[in-house]
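> This is the structure, below, for whatever I ask next.
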Amino acid sequence: MTELITTLRATRSFDDTPVPRAEIEAIVGEARWTGSARNRQPWRFAAATDPALREALAGLGQYARPLAAAPTALLLLSDPGAGTDTEFDLGRVCQSILLSAHARALATCPVTLHPDGNAREAARLAGFRPPWLARHAVAIGYPGPAVTGRSAIPTGREPVSALLTHLDGPDT
């Protein structure tokens, strides 16, 4: 499990090979077991493979272009009135989707669709009516050629010692 987590990367370059519907269903089938507050499971999913639809979705967020590049765009939908912990639950299920896809040698890139008008439009394009919003999506496909050049985003991870503060009690 450690290797699965430590080798997961966001991928923005995909080849054109379609992802079989059974693979997407298996990924969602595993991710649906993710815990949620009071087991509400405040999510629904929509898999978009149509190029025109993926292109429209890719225009609904500042960094959503991978949705057009990947053969499948998986929308994560939620009801914003379902509770203040819904966004946390969506983050949890998104990570489960990423890890399930990674275990299948599929590449992924999570994206945010914002502002709320864009999230409403994404839900509408997927056939969902209010109150459902699609604030998040995952580009899924087989990895394409690596993009060359220097990343604009710093690489590597901070050491645990820089991230973790121990709040030891008097007896430790």
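> Within 10 Å, count the other beta carbons around each residue, average over each peptide in 93-105, 67-79, and list them highest first.
On the way: 93-105: 18.7, 67-79: 23.5.
Per-residue Cβ counts within 10 Å, averaged per peptide and sorted highest first, yield 67-79, 93-105.
> Amide H of Leu113 versus every other amide H placed in the peptide plane: which residues, excluding those fewer than 5 positions away on the same chain, fall under 5 Å?
His136, Ala137
> Which of rounded, prolate, oblate describes the stretch 20-172, given a ≥ b ≥ c as roots of the alpha-carbon gyration tensor eigenvalues and a/c under 1.5 marking rounded, otherwise prolate only if a/b is larger than b/c?
Working: a/c = 1.71, a/b = 1.25, b/c = 1.37.
Oblate shape, in that a/c is at least 1.5 and b/c is the bigger or equal ratio.
> Something else now. For Phe45, Phe14, what's the fewest-to-most ordering of other Cβ within 10 Å of each Cβ?
On the way: Phe45 20, Phe14 24.
Lowest to highest Cβ neighbour count: Phe45, Phe14.
> Calculate, in nm to one decimal, what Thr2 and Val147 gain on full extension: separation in residues at 0.36 nm each, minus their alpha carbon distance.
49.6 nm is the gain from fully extending Thr2 to Val147.
> Could you check which residue among Arg124, Arg157, Arg21 shows the biggest mean-square fluctuation in a GNM of the chain with a 10 Å Cα cutoff?
Arg157
> Here is a follow-up. Using a simple charge model, +1 on the beta-carbon of Lys and Arg, -1 on the beta-carbon of Asp and Glu, nothing else, what dipole does the stretch 41-172 show about its Cα centre, in debye to the nearest 20?
On the way: 11 positive and 11 negative charges, 116 e Å.
The calculation lands at about 560 debye.
> Indicate the gyration tensor shape class of the stretch 33-84 (rounded, prolate or oblate), computed on the Cα atoms with a ≥ b ≥ c the square roots of the eigenvalues: a/c under 1.5 is rounded; otherwise a/b larger than b/c is prolate and the rest oblate. It would help to have the intermediate numbers written out before the result.
Working: a/c = 3.02, a/b = 2.17, b/c = 1.39.
Prolate.
> List the relative contact order of the stretch 15-143 as a percent without decimals, with contacts defined as Cα pairs under 8 Å and 6+ residues apart.
Result for the stretch 15-143 is 33 percent.
> Under 5 Å between amide hydrogens, which residues at least 5 positions from Gln41 or on another chain qualify, with H placed 1.01 Å from N in the peptide plane?
Ser36
> At Leu163 and Ala105, where each label point lies 7 Å from the Cα along Cα→Cβ, what is the point-to-point distance in nanometres?
2.9
> Follow-up. Convert each backbone phi in the stretch 12-20 into a coupling constant with the Karplus relation 6.51 cos²θ - 1.76 cosθ + 1.60 (shift: θ = phi - 60°), then list the ³J(HN,Hα) values in order as whole Hz, x for Gly and Pro.
Once rounded to whole Hz, the list reads 10, 10, 10, 8, 7, 4, x, 8, x.
Readers should treat all values here as calculations from the given coordinates under stated rules, not as data from a laboratory. Treat the numbers as computed from the prediction; the structure is a model and nothing was measured. Virtual Cβ from ideal backbone geometry, glycine too; neighbours counted across all protein chains shown.
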